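Chemist: Quick one: this structure, given as structure tokens, is what I'll be asking you about.
The values are calculated or read from the model by the stated rules, or taken from the named source; none is laboratory data. On a predicted model such as this, the values are computed, not experimentally measured, just so you know. Cβ atoms come from the backbone with ideal geometry, glycine included; neighbour counts cover every protein chain shown. The area values use the complete protein model at the heavy-atom level, side chains included, leaving out ligands, DNA and RNA. Shrake-Rupley method; radii C 1.70, N 1.55, O 1.52, S 1.80 Å.
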Amino acid sequence: REGSVVYPPVADEFHPLDPAARARVRRTLAPDGGPLLLNVKRLHPLADQTTLIEAFARVRARRPDAVLLIAGAGEQEDDLRALAGRLDLGESVRLLGLVPNDEVARLQAAADLFVLSSVLEATPTVALEALACGTPVVSTDNPGGVELHGLFGDDVALTPQRQPEALAAAVLAFLEAPRRTTSAIAATLAEGFRLDRVVERYLALYEEALAT
């Protein structure tokens, strides 16, 4: 028998903002108008925000107007704050703590780039949410990142794990030619990742199981 993959659903609240609304949100998050990078994960060694912050320091050397937002809580919060301090990143790195889903959706839509630094992921829902909001992704080559790159192509760029220089280079390459996601993304998400289609897939699997 062939296997069947049912992906985690992406909530409808994750969608692109119209340009005027996006500009308003961005003014509150990056008032200087610089690039806005986002990571949404638990602050845990497997999410490896240490590499992310080290990479961001390299990004800031080239783009001093860049801002990094990290939404999530966890045992590494103090260490990450200390690292940002040692790297003299000041207010350009903001650890936001736990953020409600509606606010996460707003952040995802406002960001220029979602950066996933994890060393281990299954299917990273947070990256799917970014794509649903029109925001491209740079991911390390963890299993989930590799899978999403296969599904979404250049809208999910890959870089080696635990290599700040490589992650910074991937981010800077994107910032040299920033863009939103390609037009095919919405159709791909609607077909396989929105709640109604996920429910249909589960029901079909249950019906198939009952029929055997």
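Chemist: Return the residues of the range 28-49 that are without any contact (Cβ under 8 Å) to a residue 60 or more places away in the chain and either closer than 16 Å to residue 159 by Cβ or not in a loop (DSSP other than H, G, I, E, B) (or both); say none if nothing qualifies.
Modeler: Of everything in the range 28-49, just one residue is without any contact (Cβ under 8 Å) to a residue 60 or more places away in the chain and either closer than 16 Å to residue 159 by Cβ or not in a loop (DSSP other than H, G, I, E, B) (or both), namely 28.
Chemist: Could you tell me which numbered condition residue 130 fails, if it satisfies all but one of (1) at pLDDT 95 or above; (2) out of contact with any strand residue (DSSP E or B) (no Cβ under 7 Å at 6 or more places or on another chain); (3) at negative phi?
Modeler: With (1) at pLDDT 95 or above; (2) out of contact with any strand residue (DSSP E or B) (no Cβ under 7 Å at 6 or more places or on another chain); (3) at negative phi applied to residue 130, the lone miss is (2).
Chemist: A follow-up question, please. Identify the residue in the range 72-94 that is under 28 Å from residue 12 (Cβ atoms) and not in a loop (DSSP other than H, G, I, E, B) and, among all such residues, is least open to solvent (accessible area, probe 1.4 Å). Talk me through it step by step, then tell me what you get.
Modeler: First, pick out the residues of the range 72-94 that are under 28 Å from residue 12 (Cβ atoms): 72-74, 94.
Keeping just the survivors that are not in a loop (DSSP other than H, G, I, E, B) gives 72, 94.
Values: 72: 9, 94: 62 Å².
Looking at the filtered set, the residue picked out is 72.
Chemist: From the list 16, 8, pick out the single residue that is open to solvent by less than 60 Å² (accessible area, probe 1.4 Å) and part of a loop (DSSP other than H, G, I, E, B).
Modeler: Numbers: 16 fails: open to solvent by less than 60 Å² (accessible area, probe 1.4 Å).
Selected residue: 8, the only one of 16, 8 that is open to solvent by less than 60 Å² (accessible area, probe 1.4 Å) and part of a loop (DSSP other than H, G, I, E, B).
Chemist: Among the residues of the range 94-106, what is the count of those that are farther than 17 Å from residue 42 by Cβ and at pLDDT 95 or above? Lay out the reasoning, then the answer.
Modeler: Looking only at the range 94-106, we keep the residues that are farther than 17 Å from residue 42 by Cβ, and these are 102, 105-106.
Of the ones still in play, those that are also at pLDDT 95 or above are 105-106.
So the answer is 2.
Chemist: Continuing with the same structure: Restricting the search to the range 50-71, which residues are without any contact (Cβ under 8 Å) to a residue 60 or more places away in the chain and part of a loop (DSSP other than H, G, I, E, B)?
Modeler: 64, 65
Chemist: Turning to a different aspect of this structure: The conditions are (1) modelled with pLDDT of 95 or more; (2) open to solvent by less than 10 Å² (accessible area, probe 1.4 Å), and residue 124 fails exactly one of them. Which is it?
Modeler: (1)
Chemist: Right, next: All but one of (1) under 23 Å from residue 110 (Cα atoms); (2) surrounded by 13 or more Cβ atoms within 10 Å (Cβ to Cβ) hold for residue 184; which doesn't?
Modeler: Here residue 184 meets the rest and fails (2).
Chemist: Right, something else. Would you say residue 104 is open to solvent by 20 Å² or more (accessible area, probe 1.4 Å) and under 16 Å from the mean Cα position of the chain (by Cα)? Break it down into steps so the answer makes sense when it comes.
Modeler: On the way: open to solvent by 20 Å² or more (accessible area, probe 1.4 Å): no; under 16 Å from the mean Cα position of the chain (by Cα): yes.
No.
Chemist: A follow-up question, please. Scanning the range 58-71 for residues that are among the small types (Gly, Ala, Ser) and within 17 Å of residue 29 (Cα to Cα), which turns out surrounded by the fewest Cβ atoms within 10 Å (Cβ to Cβ)?
Modeler: Filtering the range 58-71 for residues among the small types (Gly, Ala, Ser) gives 61, 66, 71.
Pick out the ones that are also within 17 Å of residue 29 (Cα to Cα) and you get 66, 71.
Values: 66: 24, 71: 21.
Restricting to residues being among the small types (Gly, Ala, Ser) and within 17 Å of residue 29 (Cα to Cα), the top hit is 71.
Residues checked against (1) basic (Lys, Arg); (2) open to solvent by 10 Å² or more (accessible area, probe 1.4 Å):
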site	(1), (2)
145	no, no
156	no, no
162	yes, yes
210	no, yes
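Chemist: I'd like to check something: does the range 49-57 contain any residue that is in contact with a Pro (Cβ under 7 Å, 6 or more places away or on another chain) and open to solvent by less than 40 Å² (accessible area, probe 1.4 Å)? Walk me through how you get there before you give the answer.
Modeler: The initial filter retains those residues of the range 49-57 that are in contact with a Pro (Cβ under 7 Å, 6 or more places away or on another chain), namely 51, 54-55.
Then keep just the ones that are open to solvent by less than 40 Å² (accessible area, probe 1.4 Å); that gives 51, 55.
Yes: one or more hits.
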